[in-house]
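Each value in this text was obtained by applying a stated rule to the coordinates, not by laboratory testing. This structure is a prediction, so every number in the text was calculated from the model and none was measured. Virtual Cβ from ideal backbone geometry, glycine too; neighbours counted across all protein chains shown.
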Amino acid sequence: GRPWDEQGRLGRNDARRVASSSSSSSSSSSVAKNQDDLFHIQKLWLELVEVVSYLREDELETVRNALQIAYGAHKGQKRKSGDPYIIHPVAVACILGELKMDADSIVAGLLHDVVEDTDKLSFQDIESMFGECVRHIVEGETKVSKLKDNLSSQQGGPGGNKSDKKNIDMQQLFIAMTKEIRIIIVKLADRLHNMRTLEHMPAHKQKKIAAETLTIFAPLANLLGMHTIQDELEDLSFMYSQPEEYRSLSVRVKALKMDQSPVVYEARKALISVLKEDPFFNQIASKLDVRMRSRSLYNIHKKLQSGDLRLRDLQHISQLHIVVTPRTDLASWSDIADGRVGAVDRQVCYYLLGKVHEIWAPIPGKFKDFIATPKGNNYQSLHTTVI
C-alpha cells in the first residue's frame, strides 16, 4: 500500500500540517517520519479496515488519510484510562463500520473531536480536505454535544422540572437529527464507546452519564430502530446507575438463559430445516437469517419494576430473531398503483409466521402485529410466543 508519509488523494500542505506533531523540531514535522507513529497508525488501520472493508478502494484511502490526520491532531492526548486518545475516535469509526455506514460517516467518526478537543484543525480545514458533507456531520455532532452539555447543566436546577427538561432535550436533538441523521448516528457511536469505557470515570460521573444515556441516547437509538445499540446503552447504564440490582438480576437471568438456550437452539435448527424443505418459501425468499437473541437486562428490569411480570414467569428471555429477505423479482406482487409499498415483504412475513405456528402452538394473547400497526418509530415486525 501507499506509505504513510504520503497524503494520498489529499496531497495538501494543510493535511501535512495537521498530521504533524506539535513539537517544533523539524525531525517531527510529519507523523509518518516517526517510526513509532508509523507503527501505531498501521496497527490502528489494520483494526479499522477489518470493519470497513466494504468501502470502495478510493473511499478506504480517504478513511486512511483521515486516520493519519486524527492521529496527528490527538497526538499526546490521553483518555481517563491512560490510553492514547486516538483509541476513542478509532473505536467510534469501528462501531460505524459495524453499522455499515458510508465513508463520510466513518471519516466524521475519526475526526469528530479534533476541532472541539484540539487546536490542530478547524471546520474549514475539514471541509477543504474531506468535503462539505464531512464538515457538516462533524460540526453537527459538536453542536449536539454542546447542546446536550448545556441542557444537562440546567437540568434539575432551582424550579426546574426534570421531566420537562428531558422532553426539551429530546425535541431539540430530534430537530438536529431531521437535518442530517448521520450526525445522531455518529453521536450514538461516540456515546456507546464512552459507555463501554465508563469504568475509568469517578462513581458520581458514572451515575450522571448513565442517567443521561437512559433519558436521551437510548431513546434516540430506539427511534432510529437501532435496537442492538439501544440494548447495550441501556444495559451499561443500568450497570452503572444501579450496580447492586444489575449484579443480582444478571446472576438470576444467566441461570434462566442456561436452561432456555438449548431449547431455543433446537428450535432454530428445526425451523431452518423445515423452511429449507419448503418449495414455496424458497420461491419467495432469497435469504433467511435466524439468530438467537436474549432480552436485555434493563428490559427485564423495567418489566419487573412495573409489575408486568415476575422473574419465575419469564418464559422467553431467550428468543429467535428471524429476518427474511424476499426475492426482488417478485415486485409484481405489490400493486404499485394502489401504493401498497412493502406488500411482498408483508406476505413473506405472514407466510413465515404461519410456518412457525404449524410447528409450534401459539400462546393465546401473546401475538403482536407491528406490521399492521407499526410502532411510533415505524418499527415493523411480527412477535409471537409459542410452546
Report summary line: Residue separation between GLU132 and GLN77 times 0.36 nm, minus their alpha-carbon distance, gives in nm 17.1 nm
Report task. For ASP117 and ASP259, calculate 0.36 nm times their separation in residues minus their Cα-Cα distance, and state this gained length in nm to one decimal. Result -> 46.3 nm
Query raised in the report: Near VAL264, within a Cβ-to-Cβ distance under 14 Å, what is the net charge of the other residues, with Lys and Arg +1 and Asp and Glu -1?
Result: +4
Query raised in the report: If you take the beta carbon distance between SER273 and PHE367 as r and set R0 to 25 Å, what does 1/(1 + (r/R0)^6) give as a FRET efficiency, to the nearest 0.05?
Result: 0.60
Query raised in the report: In the structure shown, do any of LYS257/LYS368; LYS143/LYS187; LYS146/LYS205; LYS143/LYS179; LYS120/LYS205 have a Cα-Cα gap over 19 Å, and if so which?
Result: LYS257/LYS368; LYS120/LYS205
**Report entry** Loop sites in the range 37-67: trypsin sites (Lys or Arg not before Pro), DSSP, at most 14 other Cβ within 10 Å
**Finding:** ARG56
